[in-house]
Every structure is written in C-alpha cells, then in structure tokens.
1. Grab the helices (runs of 4 or more DSSP H) fully contained in the stretch 84-184, keeping just those with 3 or more residues being touching a helix residue (DSSP H, G or I) at 6+ places or on another chain (Cβ under 6 Å).
2. For the stretch 98-124, how many residues meet the condition of being farther than 19 Å from Ala53 by Cα and touching a Pro at 6+ places or on another chain (Cβ under 8 Å)?
3. Please specify each residue of the stretch 296-313 satisfying the condition of being in a helix (DSSP H, G or I) and either touching a helix residue (DSSP H, G or I) at 6+ places or on another chain (Cβ under 6 Å) or in the same structural domain as Gln153 (by TED's automatic domain parsing) (or both).
4. For the stretch 197-212, state whether one or more residues are outside any strand (DSSP E or B) and of a type in the set (A, V, I, L, M).
5. So, in the stretch 236-294, how many residues would count as being charged (D, E, K, R) and exposed (fewer than 15 other Cβ atoms within 10 Å of the Cβ)?
6. Of all residues in the stretch 50-97, how many are at pLDDT 95 or above and under 27 Å from Lys37 (Cα atoms)?
7. Among the residues of the stretch 127-156, which ones are over 18 Å from the mean Cα position of the chain (by Cα) and either surrounded by 19 or more Cβ atoms within 10 Å (Cβ to Cβ) or aliphatic (A, V, I, L, M) (or both)?
8. Checking the structure you have, find out if any residue of the stretch 228-238 is within 30 Å of Ala162 (Cα to Cα), in contact with a Ser or Thr (Cβ under 7 Å, 6 or more places away or on another chain) and not hydroxyl-bearing (Ser, Thr, Tyr).
Amino acid sequence: MRRLLITAAAVTAAALALSGCGSSEPAKASADTKSEKITVTDANGAKVTLDHAATKVVGTEWNVVESLVTLGVDPVGVADVKGYTAWDKAAPLTGSPKDIGTRGEPSMDTIAGLAPDLIVATTDLSASAIKQMKKIAPVLQVKAANGADQIGQMNDTLDAVAKATGKESEAKAAKTEYEAKIAAGRKALKDAGLAGTQIAMADGYSASNQVSVRAYTSGSQLGTVNEALGLKNVWKLKGDKDYGLATTDVEGLTGLGKGTQFLYIGNKSETDVFTKDLAGNAVWKSLPFVKSGDVHRLDDGIWMFGGPKSMEQYIDAVVSTLTK
C-alpha cells in the first residue's frame, strides 16, 4: 500500500482546502470564453489569474488529474502515470501525458519542459516545491479532502479545475450524473431489502510482517458515499480530520459484530493482505463476518480519493456486491 500512503499517509498532513472555488469570481460575459481572463480563488485564499482558459495543464495529484479527464481536458503532465493507470479506472487517460515523477516529489525540470498554462496541485507538496512551480506557471492549489464535507470538497475541486479550464458546463453535468447514481444506488439497495445494512469499508497493507487495516469511517469519502446509499457504517474508530481514516490491527476488528458486511479495496499491483497475510490468522478466522463469508473484495481500479467518476464506479461495485 505504499502508493496509497502518499495520499492518505498524508492522512494527517495531506490536503488543502479549496476555500473559494464555489465563490470564484464570475467570468465576464463574452462570446469567446477562451480569450478572457479567468480568476480562481485557491485553497490559501489567493487569487490565481489566467489570461485564458488553461489547455496545457499539469496535475501533481490523482484527484486533480481525474477532474481534468472528467472535464475533457487531457493533462500534458501527470504524476506517476503508471500508478494512476492502475488505481483510477473510472477516468482513464486518453492522451499521452508526460510522467512528471512521484506525487510527493514531482520533477521541476520535467514540468518546465512542458511549458504548461497551469499546474494544479495540493498542499501535500512542500512550500518550496510550490514556490518552484510558481516560477514555471500559475499554480492552483486545492484541498484533496475534508472530513467535515467530503463530497462538497470533491465538487469544489471539480468546480475550481473547471473554472480554470473553461469547462464549467461539463462540471455541472458530472455532478448531476453523480447525484443520479447515488439515487439509483440507494433505490436498488432499498428495493433489495438492504437499506441499513451494516458495512465496514477498509483496505490493508503489511509492513514488517504486521498487517494494518485502514478503516473508512463516517468522515471518509467512501464512508460518506455509503451513508448516502442508506448503509450503516459500523466503524467505531475516530478518523483523522481530513480523510476520515483510522488504522487498526486484526484484533481491532473484533468489535465488528454479526451482520457486518466487510468490504475492501485492493489492486493487483499490491499484495492482498486479507487473503494472504491473514489467511492463517486465528483472530481473523474467528471474526463473524469471515465465518459467514461476508468479506468482499471490490473491483480493482477504484480510486478511493477520486472525483465523481470514481465514486460512481464505487457505487456500482457496492450495489453489485451486496445484491448479488
């Protein structure tokens, strides 16, 4: 899970609020929106002004890359292209972006060589990295997560990227599609008699022969989606303020009672700790949901911290898994 930990092992430190994207300055009326100046307020309250809608955009984090792809903008530079391709199947790259390095340490030389109109980043990056990028092109910083309002933040990020790229109508359509998917998923679960089903969403990783389970509490993005679907999140752990994630070990799962549906996300690029590392673990095998066969691995390629497209993919996977 090393790749995941760059985003949520920034769990206490990652992310940054896009404080004004909902209140970005309105564009002036014009027949040619691509030729007018655009101003967006970033996560730090700073005004980012562009001479025109950005078309050559670099994304340093996967959630902003997904936003670009969702809006129909092919980014010219993407951090860890291989990782994005493996983890975000909902919004596949359609162009041939340049790999700018890792999400934590993008290559400034590579970014400069792309001569972008705009760089979209999160404040996971150090202040020194942001300072260097601002010498290359305007930088729009957004918050990747907000434990108080995950879906609102997801939409704010999409809106900010849309504002900067002149794709506001596409953003509106994407948000409408997401709401329709929530409504359809909630109805499907209710019709199947599954409203209120107890659910524990997780992922896991192993380090030094110790398995850690990461719980998606009610404050997490997936936890928020689960509750919007009419499901009951049974994690009692307190998540961090940004991502709503908490970490426990296998003994910590004993608090999950009968009737729990244990869902988790993995990826073929990573080891499945639930089927391999814990296969012979006595505590794991004694858990009620393990004994009853209510442990479900969802489809690969669902980015747990993505935009509307990833959340729609997640909704489909949850509904399909619980109703089959």
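The values are calculated or read from the model by the stated rules, or taken from the named source; none is laboratory data. Since this is a predicted model, take the numbers as computed values, not measurements. Virtual Cβ from ideal backbone geometry, glycine too; neighbours counted across all protein chains shown.
1. In the stretch 84-184, the matching helices (runs of 4 or more DSSP H) lie at 150-165.
2. The number of residues fulfilling the criteria is 1.
3. Filtering the stretch 296-313 for residues in a helix (DSSP H, G or I) gives 308-313.
Matches in the stretch 296-313: Pro308, Lys309, Met311, Glu312.
4. No: the stretch 197-212 contains no residue that is outside any strand (DSSP E or B) and of a type in the set (A, V, I, L, M).
5. 10
6. Residues in the stretch 50-97 being at pLDDT 95 or above and under 27 Å from Lys37 (Cα atoms): 30 in total.
7. Listed by number, the residues that qualify are Ala127, Ala129, Ile130, Met133, Ile136, Ala137, Pro138, Val139.
8. No, the stretch 228-238 contains no residue that is within 30 Å of Ala162 (Cα to Cα), in contact with a Ser or Thr (Cβ under 7 Å, 6 or more places away or on another chain) and not hydroxyl-bearing (Ser, Thr, Tyr).
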